[in-house]
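Remarks on the structure that follows.
The values are calculated or read from the model by the stated rules, or taken from the named source; none is laboratory data. Computed from a predicted model, the values in this text were never measured in an experiment. Methodologically, a virtual Cβ is constructed for each residue, glycine included, from the backbone with ideal geometry; neighbour enumeration extends over all protein chains shown.
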Amino acid sequence: MWWGVAAALLANVLYSCGFVLEKRALAALPEVTVRRPARLLRLVLGSPLWIGGSLALAAGFAAQLVVYRTLPIAAAQGIFVSGLVLLVLLSSRLLGEETSGRERRALGAVLLALLMVVLSLREGGAGADTVGREAPYPLILLVCVPSLAAGVWLYGSAERTARRRHRPPTTGVAYGVAVGLLYGVSSLAVKGVSGRLTGDGLGDAVLGLLGSPYPYLLLFTGVFGLVMSQAALQRCRASLVVPVCTTVTCLFTAVLGTPVFGEELPDEPLRLALRVAGTVLAVAVLLAMPKHDAAPRPPTDTAEKELTRP
């Protein structure tokens, strides 16, 4: 089980580095939009820095497969949320993005949530955590298809709002929620794939996967998530878009994935309280995020004189 904790922390590092590299690459590219996906892909695939970021994200995906084979879904999500701390630190150092006092307090809550989740884990013996492997396909589709539709609709709504005149500067919370829903579905699909990777042979495993909805859900979320996330990262701060996306993904996966894959919460009151409290803190992180960035300050008289001086 502790291998799973290590793999989750490694995935956090890889995902944070990947998002920051992609954000830095996007800052040097012309504006991208979901309305021109072919142009978006052509631009990003021509950037070595962006490719490096995408490779880091792919490695994080591989680490996530290990996590879901060794940890319960709810526990894994609590650890994944801890990646927000590293992401914000990297964004501040490498991207020059400033964080508000409210956002820093939210990061403190994330660290506390991580500690609670880790303390709620138990390996072996009575009351040990169980890791689900299978889920009914109709139930997976019932959960995932409406969520994908909601994510695409919400992103489109955010795009329409962003094109309006005289609107407050957006932080990208709506973008983060929309992409988070897609990545939540992707996370359930990864969980399903991890359960299909058995020791019965490569051929049987591939056939089993092709007969399940998981590779097709991954294909949809991979294509749409890529296009949507790149446009959002270019327009908004990575230090806010990615934390919101991560929080929504983790909550979606924990709340819906636990019953879908037949996993149970701890029986002991203390361990149950720790795990539930960690999830509640993750919700508080999302609610604490400001919805708009501060408007640019008007130039002072001194600055105006400097600008107008011949």
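Across region 213-264, which residue is surrounded by the most Cβ atoms within 10 Å (Cβ to Cβ) among those that are in a loop (DSSP other than H, G, I, E, B) and at pLDDT below 80?
In the first step, residues of region 213-264 are kept if they are in a loop (DSSP other than H, G, I, E, B); the result is 213, 236-237, 261-264.
Applying the additional criterion that residues be at pLDDT below 80 yields 236-237, 264.
Details: Cys236: 24, Arg237: 20, Glu264: 12.
Among those residues, the one meeting the criterion is Cys236.
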Would it be correct to say that Val185 is surrounded by fewer than 18 Cβ atoms within 10 Å (Cβ to Cβ), at pLDDT 80 or above, under 17 Å from Leu226 (Cα atoms) and within 18 Å of the chain's Cα centre (by Cα)? no
Given the criteria under 18 Å from the mean Cα position of the chain (by Cα), in contact (Cβ under 8 Å) with a residue 12 or more places away in the chain and closer than 28 Å to Ala25 by Cβ, does Leu240 qualify? yes
Cβ pairs under 8 Å, 6+ apart, first in region 251-275 and over 21 Å from Gly180 (Cβ atoms) and without any contact (Cβ under 8 Å) to a residue 40 or more places away in the chain, second buried (at least 18 other Cβ atoms within 10 Å of the Cβ) and of a type in the set (Phe, Trp, Tyr): none
Suppose we keep only residues that are of a type in the set (S, T, N, Q) and at pLDDT below 70 within region 92-137. Which one would you say is farthest from Leu65 (Cα to Cα)? Ser100
Can you pull out the residues in region 172-191 that are within 15 Å of Ala62 (Cα to Cα) and either free of Cβ contacts under 8 Å to residues at least 24 places away in the same chain or hydrophobic (A, V, I, L, M, F, W, C) (or both)? Leu188, Ala189, Val190
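Name the helices (runs of 4 or more DSSP H) wholly inside region 1-109 in which the number of residues that are farther than 20 Å from Phe252 by Cα and touching a helix residue (DSSP H, G or I) at 6+ places or on another chain (Cβ under 9 Å) is 1 or more.
Working: elements: 2-27, 37-45, 48-70, 73-80, 83-94.
Hits in region 1-109: 2-27, 37-45, 48-70, 83-94.
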Of all residues in region 25-53, which are surrounded by fewer than 19 Cβ atoms within 10 Å (Cβ to Cβ) and not aliphatic (A, V, I, L, M)? Pro30, Glu31, Thr33, Arg35, Arg36, Pro37, Arg39, Arg42, Gly46, Ser47, Pro48, Gly52
